[in-house]
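Contents: one structure, followed by commentary.
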Amino acid sequence: MKTSIFLLFIILITGGCSGSKQKIASNNGFAVLPRTAAGESVATFAGGCFWAMQESLIQLKGVHASISGYAGGITKNPSYDEVSAQGTGHAEAVQVYYDPAIISYEQLVRAFFIAHNPTEINRQGPDVGPEYRSMAFYRSPDELKVLNKVMSEMESRKIYKGYFATELEPFKIFYPAESYHQDYYERNTWDPYIRSVSKPKVMHVRKEFPQLIKTEYLK
């Protein structure tokens with residue numbers, strides 16, 4: 001991935017760093033999706049590299065888990081290499097498990113749109129290809145209304161130059177990515193790509209929504 005794909009080999013042979021703020025189970029090299037707890041809701045978004053998006057959303061209060069994966073395509077159980085080859089139709093995505101009593105779906109949507117540039121088509125900054133396209137997967141008519149409302153509002157306020165290119169699709173299925181992609185941002189803060197591309201996105205969310213950030217992510 002990106003300009004630092006060779007670093008993945010290092011992660012595979014070293015296991016990366018420990019100390020992740022969330023615990024993601026693994027099976028056969030892929031992350032295992034957590035069970036949805038009582039009263040918990042789930043949301044799925046795609047907005048460029050999932051390293052940055054995963055960290056941008058897990059730092060929000062009320063978000064219990066943030067899993068990197070793939071969505072929006074046709075291939076079952078895709079691998080990273082298959083998605084990168086652009087033959088699966090999938091985009092790099094993140095699925096979040098959250099408490100709607102603490103953070104609303106609308107607040108998540110706003111954070112999602114701040115964590116990437118939704119006006120770019122089939123790319124995010126230096127990352128080019130349909131796997132980096134902007135997508136939001138709604139699970140109900142009410143969620144679709146929220147997405148349209150926030151997009152229209154942000155366009156009218158000219159938060160970004162140009163119109164939103166975000167694809168809105170009903171949720172079908174989410175495939176978790178390989179374990180070495182999970183919490184990559186947190187485990188590899190020294191990575192030049194993380195420092196130059198991912199961190200500005202994460203910091204942008206913190207700046208725009210300071211009241212929503214968990215205390216441990218401000219240290």
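The values are calculated or read from the model by the stated rules, or taken from the named source; none is laboratory data. Predicted model only: the values in this text are computed from it and were never measured. Cβ: placed from backbone, ideal geometry, glycine included. Neighbour counts: every protein chain shown.
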- Message: Just to be sure I understand, how many residues within the range 40-51 are more than 10 Å from GLU92 (Cβ to Cβ) and among the hydrophobic types (A, V, I, L, M, F, W, C)?
- Response: 3
- Query: ASP183 fails exactly one of the following numbered conditions: (1) in contact with a strand residue (DSSP E or B) (Cβ under 9 Å, 6 or more places away or on another chain); (2) surrounded by fewer than 21 Cβ atoms within 10 Å (Cβ to Cβ); (3) of a type in the set (Asp, Glu). What is the number of that condition?
  - Reply: (2)
- Of (1) more than 14 Å from the chain's Cα centre (by Cα); (2) surrounded by 19 or more Cβ atoms within 10 Å (Cβ to Cβ), ASN117 satisfies all except one. Which? (1)
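Quick grid of which residues meet (1) within 17 Å of LEU57 (Cβ to Cβ); (2) more than 18 Å from the chain's Cα centre (by Cα); (3) of a type in the set (Val, Ile, Thr):
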{"site": "PHE112", "(1), (2), (3)": "yes, no, no"}
{"site": "GLU131", "(1), (2), (3)": "no, no, no"}
{"site": "GLU153", "(1), (2), (3)": "no, yes, no"}
{"site": "HIS204", "(1), (2), (3)": "yes, no, no"}
- Query: Quick one: which of TYR185, TYR175 is part of a strand (DSSP E or B) and under 30 Å from LEU144 (Cβ atoms)?
  - Reply: TYR175
- Query: What are the pairs, 6+ residues apart or on separate chains, where a residue within the range 165-181 that is more than 22 Å from ARG139 (Cβ to Cβ) and touching a residue at least 24 places away in the same chain (Cβ under 8 Å) has its Cβ under 7 Å from a residue that is loosely packed, with under 15 Cβ neighbours inside 10 Å and among the polar types (S, T, N, Q)?
  - Reply: SER179/SER26
- Cβ pairs under 6 Å, 6+ apart or interchain, first in the range 188-217 and of a type outside the set (Phe, Trp, Tyr) and assigned to a helix (DSSP H, G or I), second exposed (fewer than 15 other Cβ atoms within 10 Å of the Cβ) and at pLDDT 95 or above, ordered by first then second residue, are none
- Of residues in the range 129-161 being among the small types (Gly, Ala, Ser) and out of contact with any Ser or Thr (no Cβ under 7 Å at 6 or more places or on another chain), the one surrounded by the most Cβ atoms within 10 Å (Cβ to Cβ): GLY129
- Sole miss for ILE114 among (1) in contact with a Leu (Cβ under 7 Å, 6 or more places away or on another chain); (2) in contact (Cβ under 8 Å) with a residue 60 or more places away in the chain; (3) farther than 26 Å from GLN86 by Cβ is condition (1)
- Item | Number of positions in the range 47-82 that are more than 14 Å from LYS201 (Cβ to Cβ) and in contact with a Ser or Thr (Cβ under 8 Å, 6 or more places away or on another chain) | 7
- Working only within the range 56-99, note down all residues that are of a type in the set (D, E, K, R) and within 18 Å of TYR184 (Cα to Cα). ASP81, GLU92
- Counting only helices (runs of 4 or more DSSP H) entirely within the range 1-113, those with at least 2 residues that are at pLDDT 95 or above and surrounded by 14 or more Cβ atoms within 10 Å (Cβ to Cβ) are 50-58, 80-84
